[in-house]
Amino acid sequence: MASPTKQFLYGGQLYRHMLSEASQVEIAPGHMRTVWRGPIVETCLKIGIPEGVYRRVTKTLELTGSIIIVEKGRRNTPTVLTLEFEPSVESWTKKSSPQSLTTVERAAMLQARVERLEKLLGGVDVIEALANLEGRLAQLEQHQQKES
């Protein structure tokens with residue numbers, strides 16, 4: 001087993017802190033997620049993660065799949081992320097190595113994009129909605145032709 005690095009220890013500390021402040025949110029009917037909202041930089045500094053390290057810590061949490069960033073924070077807007085699982089030493093070591101960054105990052109980004117789309121759709125079946133609209137449009141066209 002690999003020994004924990006300082007960054008791994010910071011990652012676990014940050015994850016546990018965010019978990020203590022998180023809430024359960026229903027993102028779709030019957031689908032709950034643990035969601036944390038807050039200023040990520042201020043939170044890192046508050047719990048003792050050095051300014052020069054917090055980006056690597058949060059990025060590796062994202063790459064391991066431990067967190068999914070839903071919305072990046074800005075000056076007056078908090079970061080919104082889901083907490084998936086606390087990272088293990090093995091997953092941290094594997095995902096923090098430079099050769100694995102691209103594929104894991106793309107998967108995490110795709111997962112976040114899909115979850116944002118699901119949230120925006122609010123459980124709407126897009127195919128069913130389009131079929132409904134097409135049927136209604138056909139009825140309107142037929143009605144228009146009868147009146148002409």
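Distant-in-sequence amide contacts of G73, defined by a placed amide H-H separation under 5 Å and a gap of 5 or more residues or a different chain, comprise T79, V80. Indicate the gyration tensor shape class of the stretch 6-121 (rounded, prolate or oblate), computed on the Cα atoms with a ≥ b ≥ c the square roots of the eigenvalues: a/c under 1.5 is rounded; otherwise a/b larger than b/c is prolate and the rest oblate. Since a/c reaches 1.5 but b/c is at least a/b, the shape of the stretch 6-121 is classed as oblate. Between H31 and K6, the C-beta separation translates, for a Förster distance of 41 Å, into a calculated FRET efficiency of about 0.70. Put a dot 7 Å past the Cα of V124, heading toward its Cβ, do the same for E147, and the two dots end up 2.6 nm apart.
Of all aspartates and glutamates in the structure, the ones whose alpha carbon falls short of 19 Å from that of K94, not counting any fewer than 8 places away in one chain, are E62, E84, E86, E105.
Note on K46: lysines with a C-alpha under 24 Å away, same-chain residues under 8 apart excluded, are K6, K59, K72. In terms of the mean number of neighbouring beta-carbon atoms within 10 Å, the peptides 54-61, 27-34 order highest first as 54-61, 27-34. Between R116 and R55, residue separation times 0.36 nm minus the direct Cα-Cα distance comes to 19.7 nm.
Dividing the mean sequence gap of close Cα pairs (under 8 Å, 6+ apart) by how many residues the stretch 50-98 holds gives a relative contact order of 34 percent. I'd like the orientation of helix 101-121 relative to the chain: the angle between its Cα long axis and the longest Cα principal axis, in ° from 0 to 90, rounded to 10. Rounded to the nearest ten degrees, it is 40. Considering only alpha-carbon pairs that sit under 8 angstrom and 6 or more positions apart, the relative contact order computed for the chain is 24 percent.
Bear in mind these aren't lab numbers, they're just calculated from the coordinates by the rules spelled out. Everything numeric here is computed off the predicted structure, so don't read it as measured data. As a convention, Cβ positions derive from the backbone with ideal geometry for all residues, glycine included, and neighbour counts pool all protein chains shown.
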